[in-house]
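What follows is a set of notes on a single structure, which appears directly below.
Coordinate-derived values only; no laboratory data. This one's a predicted model, so the numbers in the text were calculated from it and none came from an experiment. Positions of Cβ are generated from backbone atoms using ideal geometry, with glycine treated the same way; all protein chains shown enter the neighbour counts.
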Amino acid sequence: DQQVKQNSPSLSVQEGRISILNCDYTNSMFDYFLWYKKYPAEGPTFLISISSIKDKNEDGRFTVFLNKSAKHLSLHIVPSQPGDSAVYFCAASVGSGSARQLTFGSGTQLTVLP
Amino acid sequence: DAGVIQSPRHEVTEMGQEVTLRCKPISGHNSLFWYRQTMMRGLELLIYFNNNVPIDDSGMPEDRFSAKMPNASFSTLKIQPSEPRDSAVYFCASSFRDTSYGYTFGSGTRLTVV
């Protein structure tokens with residue numbers, strides 16, 4: 001049973017336009033959410049995060065929105081650039097101290113077309 | 001800091017052989033995680049350690065898989081005997097105290113069992 005789901009395996013966007021990546025979760029106990037970006041032959045790298053007490057967090061071109069009632073979060077990239085082409089993983093966590101761990105979604109391949 | 005270091009980068013082995021994957025976490029990080037990435041399931045947590053102690057190994061798929069962390073600077077993931085369905089990219093990640101700052105991932109080991 002996947003607790004974190006990314007239902008779109010791929011997304012193509014034109015350069016300069018907005019990219020919207022979506023993520024749904026089932027565990028209402030999750031209290032921290034993160035997005036990771038992964039290039040081929042590299043490990044995932046942390047991109048942006050949001051606590052469950054917020055509904056929006058912005059960092060430059062990247063904004064994460066959290067809708068707790070819908071158990072949904074999204075990552076907006078605007079404007080999209082060809083260098084943003086990568087696999088994006090949504091992750092969620094719960095717990096404290098040594099018990100805290102991340103649960104990842106299956107990823108969305110974003111392709112930004114020049 | 002050189003980041004999380006995994007070796008080897010690529011491993012091709014025959015079915016039935018023993019495979020050992022290695023990981024050196026970032027110095028000072030007290031949590032270490034082993035993940036497996038497949039097309040179907042995305043990033044799956046196999047096992048994680050806190051202060052060198054295994055905390056949760058419920059993600060280890062079978063008894064053929066074992067992991068150790070003899071000290072704070074080294075961990076191994078062993079598969080014995082290996083099977084073709086074990087073919088995947090295996091990532092090691094480390095973090096300090098909690099996930100608020102995200103994990104730092106290694107570049108992964110691509111395992112192919114023929």
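Counting neighbouring beta carbons within 10 Å and listing from fewest to most, the residues B:VAL4, A:VAL78, B:VAL19 come out as A:VAL78, B:VAL19, B:VAL4. Computed from the alpha carbon positions, the gyration tensor of region B:35-98 leads to an equivalent ellipsoid with semi-axes of 21, 14, 10 Å, biggest first.
So which of A:LYS37/A:LYS68; A:LYS38/B:LYS78; A:LYS56/B:LYS24; A:LYS71/B:LYS24; A:LYS38/A:LYS71; A:LYS38/B:LYS24 end up more than 30 Å apart by C-alpha?
Table pairs above 30 Å Cα-Cα are A:LYS56/B:LYS24; A:LYS71/B:LYS24.
Computed about the Cα centre, the dipole magnitude for chain B is approximately 260 debye when only Lys and Arg (+1) and Asp and Glu (-1) carry charge, each at its Cβ.
Cβ-Cβ distance of A:LYS68 and A:THR111, R₀ of 30 Å, FRET efficiency by 1/(1 + (r/R0)^6): the value works out to about 0.50.
Taking amide H as placed 1.01 Å from N in the peptide plane, the amide H of B:ASP56 sits under 5 Å from that of B:TYR48, each at least 5 places away or on another chain. In sequence order, region B:32-37 has phi-based couplings of 9, 10, 10, 10, 10, 10 Hz under the Karplus curve 6.51 cos²θ - 1.76 cosθ + 1.60, θ = phi - 60°, and Gly or Pro positions carry x.
Look at the dipole of chain B built from charges on Cβ: of B:GLY106, B:GLN80, B:GLN17, the Cα furthest out on the positive end belongs to B:GLY106.
Given R₀ = 35 Å, FRET efficiency for B:ARG9-A:LEU11 by Cβ-Cβ distance, to 0.05? With a Förster radius of 35 Å, E is 0.75. In whole Å, how far is the Cα centre of region B:57-91 from that of region A:1-53? Distance between centres, Cα-based: 26 Å. The amide H of A:GLY43, built 1.01 Å from its N in the peptide plane, has B:SER107 as neighbours under 5 Å, considering only residues 5 or more places off or on other chains. So if we plug the beta-carbon distance of A:ASN57 and B:ASP63 into 1/(1 + (r/R0)^6) with R0 = 45 Å, what FRET efficiency do we get, rounded to 0.05? Efficiency for this residue pair is about 0.60.
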